[in-house]
Amino acid sequence: MSVIQPATEPVTGHAPDARAALAQLWRDAEFDAAALDYVDLTGTEPVLPSSFAVGTAAQATIAAAALAAAEIWRMRTGRRQRVAVDMRRAAIEFRSEHYLSLDGRAPEKIWDDISGLYRCGDGRWIRLHSVLPHHRAGLIELLGCSQDKAGVQRALDEWQAEALETAAAEAGLVATASRSFAEWDQHPQGRAVAQLPLFSIEKIGEAPPRELTAAARPLAALRVLDLTRIIAGPVCGRTLAVHGADVMLITAKHLPSVPSLVIDTGRGKLSAALDLRESGGRDTLTALLRDADIFVQGYRPGAIAARGFSPQQAARIRPGIIYVSLCAYGHEGPWAERRGFDSLVQNANGLNDAEALAFGAGEDDLRKPRPLPAQALDHGAGYLLAFAALAALKRRIEEGGSWHVRLSLAQTGQWLRRLGRIDGMGCHDPGLADVADCLVETDSGFGRLSAVRHAADMSETPPYWARPSVPLGTDPPAWPR
């Protein structure tokens with residue numbers, strides 16, 4: 001097997017540098033360095049209220065995915081084009097779920113009444129994530145309390161933060177104790193993540209090279225199966241769709257979802273329903289996979305394999321597949337199989353504690369963690385997954401083979417930390433009125449939709465979503481002809 005593992009050294013220099021960050025990503029993915037002469041990056045930090053370089057991360061990852069799409073188009077047509085990304089627009093796209101409206105009204109809120117930060121009986125902070133109904137019900141049962149914040153707090157007064165973190169994980173629930181950077185760096189999972197590259201691209205099977213014919217859009221005629229939910233994985237699929245890929249979201253009636261995120265990340269996608277617990281659903285997915293180019297999944301390690309769709313199984317079904325795996329904490333270490341979300345990873349890996357310190361919290365053990373001003377690990381991971389998938393596609397075009405791309409929210413957080421710190425504490429948190437120039441109105445399957453437009457501009461193949469966002473399961477599970 002061939003394994004390509006990007007370098008893990010931080011970007012050098014005294015301040016975050018989006019061009020240097022992009023160049024490092026580009027080298028790590030082994031793209032042609034000449035393409036970097038065709039990218040224009042405008043704007044500077046700070047663009048969001050944070051001590052971390054969230055704007056730099058947004059600009060570099062969105063530019064990387066767009067430039068990779070431009071490189072695939074060059075391979076198809078022999079023509080280069082310019083790619084431009086403004087940092088402010090990129091940062092706004094990292095917050096796209098904040099600016100959604102339907103028929104002039106904001107959709108229902110993402111967060112439920114239980115999710116959030118609480119102080120436990122040992123004085124430490126813990127973050128609970130109960131947006132999905134089964135997680136909320138499970139936490140209430142574990143705590144043995146009423147379903148309200150006051151009841152949850154009374155129950156947590158009897159818990160130690162790390163003990164609850166462990167108990168929740170063992171019950172298949174999601175919560176993390178807040179840690180400092182020093183604590184995370186000494187934690188077994190923190191040490192495991194520190195040894196991983198940002199992403200990896202591994203050859204997992206043989207297949208002949210497969211050229212792509214000339215087309216008007218970079219990813220035209222490429223077929224993508226998207227088996228992900230919430231933000232990171234869906235952003236990957238949305239990014240591939242904005243460059244012309246046929247992306248089919250696969251969901252099922254029994255799987256919970258967050259409606260506003262479905263709307264925001266569903267732009268450009270088909271949406272089909274398949275129950276992989278049933279043989280008929282698995283047979284239909286197998287048939288779709290035989291004609292697919294990219295397979296994106298965000299199941300916990302082992303879960304999708306139990307349905308017959310591990311990387312190796314997929315490569316046997318479809319030689320030449322680009323198989324993309326997303327997880328919360330990385331594929332190595334004691335937390336490799338834990339469920340997790342962006343806000344929980346930020347809290348566990350020290351980002352929120354460091355942000356609180358930067359904004360003036362005291363140097364004591366009781367300081368309240370401060371979240372980043374965006375789900376930066378989710379969005380960053382989404383664009384990086386699309387970028388790495390296109391790097392693997394380039395390898396398939398040139399040398400053939402089936403390829404496995406792996407990346408996690410925790411690895412993305414480690415990368416963001418290594419980009420460096422900024423003085424963004426006095427920066428304004430942009431509201432809806434501040435981002436009017438970044439919005440676009442379209443029809444959708446939910447009503448008239450106002451949402452953030454894609455931040456990348458391309459001189460020859462302007463990005464756009466050819467399909468509207470539609471309710472889950474709208475389309476038949478069949479590729480368009």
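The values are calculated or read from the model by the stated rules, or taken from the named source; none is laboratory data. Being a predicted model, the structure only gives us computed values, none of them experimental. Because the Cβ atoms are built from the backbone with ideal geometry, glycine has one as well, and the counts that use them run over all protein chains shown. Ligands, DNA and RNA are stripped out before the accessible areas are found, and what is left, the full protein with its side chains, is counted by its heavy atoms. Shrake-Rupley method; radii C 1.70, N 1.55, O 1.52, S 1.80 Å.
When you check LEU276 against the structure, is it in a loop (DSSP other than H, G, I, E, B), of a type in the set (A, V, I, L, M, F, W, C) and farther than 19 Å from TRP479 by Cβ, yes or no?
Criteria not met by LEU276.
Report every pair of residues separated by at least 6 positions or lying on different chains whose Cβ atoms are under 8 Å apart, first residue within segment 281-302 and more than 13 Å from ARG223 (Cβ to Cβ), second of a type in the set (Asp, Glu).
From residues that are more than 13 Å from ARG223 (Cβ to Cβ), the pairs are GLY281/ASP275; ARG300/GLU337; PRO301/GLU337; GLY302/GLU337.
Looking at SER402, is it buried (at least 22 other Cβ atoms within 10 Å of the Cβ), modelled with pLDDT of 95 or more and within 30 Å of ASN352 (Cβ to Cβ)?
No, not satisfied.
If you check ALA478 against the conditions, is it surrounded by fewer than 13 Cβ atoms within 10 Å (Cβ to Cβ) and farther than 19 Å from PHE52 by Cβ?
Judged against the criteria, ALA478 is not a match.
Based on what the data block shows, is ASP437 among the acidic types (Asp, Glu) and out of contact with any Leu (no Cβ under 7 Å at 6 or more places or on another chain)?
yes
Please list, ordered by residue number, the helices (runs of 4 or more DSSP H) wholly in segment 350-454 having 2 or more residues that are within 17 Å of the chain's Cα centre (by Cα) and within 30 Å of VAL470 (Cβ to Cβ).
Because the criterion is at least 2 residues that are within 17 Å of the chain's Cα centre (by Cα) and within 30 Å of VAL470 (Cβ to Cβ), the helices (runs of 4 or more DSSP H) in segment 350-454 that meet it are 376-399, 409-419.
Can you name the residue in segment 117-127 that is under 28 Å from the mean Cα position of the chain (by Cα) and closer than 13 Å to ALA155 by Cα and, of all such residues, is surrounded by the fewest Cβ atoms within 10 Å (Cβ to Cβ)?
Per the stated criteria, the residue is TYR118.
Within segment 309-328, count every residue that is outside any helix (DSSP H, G or I) and either open to solvent by 10 Å² or more (accessible area, probe 1.4 Å) or within 17 Å of GLY233 (Cβ to Cβ) (or both).
Going through segment 309-328 one residue at a time, the tally reaches 12.
With the checklist (1) outside any helix (DSSP H, G or I); (2) at pLDDT 95 or above in hand, flag the one item PRO6 doesn't pass.
Condition not satisfied by PRO6: (2).
Please give the number of the condition LYS109 fails out of (1) open to solvent by less than 30 Å² (accessible area, probe 1.4 Å); (2) at pLDDT below 95.
(1)
Test each condition in (1) part of a loop (DSSP other than H, G, I, E, B); (2) surrounded by fewer than 20 Cβ atoms within 10 Å (Cβ to Cβ) for ASP457 and report the one that comes out false.
It is condition (1) that ASP457 fails.
Pull up segment 41-73, narrow it to residues that are among the small types (Gly, Ala, Ser) and farther than 16 Å from ALA241 by Cα, then point me to the one that is surrounded by the fewest Cβ atoms within 10 Å (Cβ to Cβ).
That would be GLY43.
Could you please let me know if GLN147 is touching a helix residue (DSSP H, G or I) at 6+ places or on another chain (Cβ under 6 Å), without any contact (Cβ under 8 Å) to a residue 60 or more places away in the chain and surrounded by fewer than 19 Cβ atoms within 10 Å (Cβ to Cβ)?
Criteria met by GLN147.
Could you tell me which of the residues ARG223, ARG300 is open to solvent by 10 Å² or more (accessible area, probe 1.4 Å) and within 19 Å of the chain's Cα centre (by Cα)?
When all the criteria are applied, what remains is ARG300.
Report every pair of residues separated by at least 6 positions or lying on different chains whose Cβ atoms are under 8 Å apart, first residue within segment 267-278 and closer than 22 Å to GLU93 by Cα, second open to solvent by less than 30 Å² (accessible area, probe 1.4 Å) and of a type in the set (Lys, Arg).
ARG267/ARG238; GLY268/ARG238; LYS269/ARG238
Does segment 432-452 contain any residue that is of a type in the set (Lys, Arg) and either closer than 24 Å to GLY333 by Cα or surrounded by fewer than 17 Cβ atoms within 10 Å (Cβ to Cβ) (or both)?
Within segment 432-452, one or more residues are of a type in the set (Lys, Arg) and either closer than 24 Å to GLY333 by Cα or surrounded by fewer than 17 Cβ atoms within 10 Å (Cβ to Cβ) (or both).
For (1) touching a Lys or Arg at 6+ places or on another chain (Cβ under 9 Å); (2) among the aliphatic types (A, V, I, L, M); (3) under 26 Å from ASN349 (Cα atoms); (4) open to solvent by less than 20 Å² (accessible area, probe 1.4 Å), each residue gets a yes or a no:
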position	(1), (2), (3), (4)
ARG76	no, no, no, no
VAL85	no, yes, no, yes
ALA91	no, yes, yes, yes
GLU158	no, no, yes, no
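Out of curiosity, is LEU36 assigned to a helix (DSSP H, G or I) and in contact (Cβ under 8 Å) with a residue 24 or more places away in the chain?
yes
For segment 329-372, what are the residues that are open to solvent by less than 20 Å² (accessible area, probe 1.4 Å) and either among the polar types (S, T, N, Q) or closer than 17 Å to ILE422 by Cα (or both)?
Within segment 329-372, SER343, GLN346, ASN347, ASN349, GLY350, LEU351, ASN352, ASP353, ALA354, GLU355, ALA356, LEU372 meet the criteria.
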